[in-house]
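**Student:** Quick one: the structure is below, questions incoming.
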Ligand code: ATP
Ligand code: MG
């Protein structure tokens, strides 16, 4: 039997109030002639670990199920701004405060995935939401940019989602393939 490779990543979903806030922020930026590939509502999420192309879906699911998620992390918005990329265009991001339970869980997950041979990102984890890629516009270099971002109400993550990033009829889709609750018993 051939196992199909899948492009996977783990993430936390956002509440409707955050999706609304992000959409209105993106609309306000567009009105200021900011251009870029804005993330559509159905692809907004907080990435924890990017796994990449893998045939290890089953092992990854088993491994994720066994991790300690007893403490549900708080997701709280920090400042909005730019991540400048040397290669590829700049990203418009909304930074997320590094709540201890968030970085602890993210690190635990990264370490566990590394035991399956999944390469760990060498850069330190900087939690953020990507609002747009290849972003361009004069507002982006201005100190006024931060004032376009509101302050969505912090929430506690309910679950960790394993996503499959793939094309469906030529459109990029993130399909949830497994969900693991926070705040409950561990899977061990
Ligand atoms: P595109 O690559 O077409 O711009 P995308 O980045 O949204 O689209 P994927 O590349 O499949 O789609 O990425 C899925 C998720 O994983 C996104 O949140 C993306 O930011 C994140 N991601 C992708 N590559 C990496 C990487 N090398 N390191 C960290 N996170 C990544
Ligand atoms: Mg990508």
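Here, each number is a calculation from the coordinates, and none is a lab measurement. Please read these numbers as outputs of a predicted model, since none were measured by experiment. Heads up, the Cβs are rebuilt from the backbone with ideal geometry, glycines too, and the neighbour counts pull from every protein chain shown.
**Student:** Taking R0 as 35 Å, what FRET efficiency do you get between residue 3 and residue 23 from their Cβ-Cβ distance, rounded to the nearest 0.05?
**Tutor:** 0.40
**Student:** I'd like the distance between the alpha-carbon centres of the range 109-188 and the range 6-21, rounded to an integer number of Å.
**Tutor:** That distance is 7 Å.
**Student:** Something else: Just how many % of Cα pairs in the range 3-84 lie over 17 Å apart, if you round to the nearest whole percent?
**Tutor:** So the portion of pairs separated by more than 17 Å is 63 percent.
**Student:** Still on this model: Exposure proxy check: 164, 94 ranked by fewest other beta carbons within 10 Å? Before the final figure, lay out each step's value.
**Tutor:** Working: 164 16, 94 23.
With the fewest neighbours first, 164, 94 line up as 164, 94.
**Student:** Moving on. Test of understanding: ordering 133, 171, 69 by Cβ neighbours within 10 Å, fewest first, what list do you get?
**Tutor:** Exposure proxy ranking, most exposed first: 171, 133, 69.
**Student:** May I pose another question? When a footprinting reagent is the concern and you count Cβ atoms within 10 Å, what order do 105, 174 take, fewest first?
**Tutor:** By the 10 Å Cβ count, ascending, the order reads 174, 105.
**Student:** Starting from the Cα-Cα distance between residue 111 and residue 136, subtract it from 0.36 nm times their residue separation and give me the gain in nm to one decimal.
**Tutor:** Once the chain is fully extended between residue 111 and residue 136, it gains 5.4 nm.
**Student:** While we're looking at this one, here's another question. Would you mind classifying the chain by shape? Square roots of the alpha carbon gyration tensor eigenvalues, ordered a ≥ b ≥ c; an a/c under 1.5 is rounded, otherwise it is prolate if a/b is larger than b/c and oblate if not.
**Tutor:** Working: a/c = 1.97, a/b = 1.50, b/c = 1.31.
Here the chain falls in the prolate category.
**Student:** Here's a follow-up. Among 142, 24, 79, which one shows the biggest mean-square fluctuation in a GNM of the chain, springs joining Cα atoms closer than 10 Å?
**Tutor:** In this elastic network of the chain, the residue with the biggest mean-square fluctuation among 142, 24, 79 is 142.
**Student:** I'd like the orientation of helix 16-31 relative to the chain: the angle between its Cα long axis and the longest Cα principal axis, in ° from 0 to 90, rounded to 10.
**Tutor:** Helix 16-31 and the main axis of the chain meet at about 40 degrees.
**Student:** Okay, helix-only estimate at 222 nm for the chain: each DSSP H run of n ≥ 4 adds -39500 (n - 2.57), divide by all residues, round to 500 deg cm²/dmol; what do you get?
**Tutor:** Dividing the helical sum by the residues of the chain leaves -7000 deg cm²/dmol.
**Student:** Right, next: Taking the simple approach of a point 7 Å from Cα along Cα-to-Cβ for both residue 59 and residue 158, what is their distance in nm?
**Tutor:** Between residue 59 and residue 158, the simple spin-label model gives 3.3 nm.
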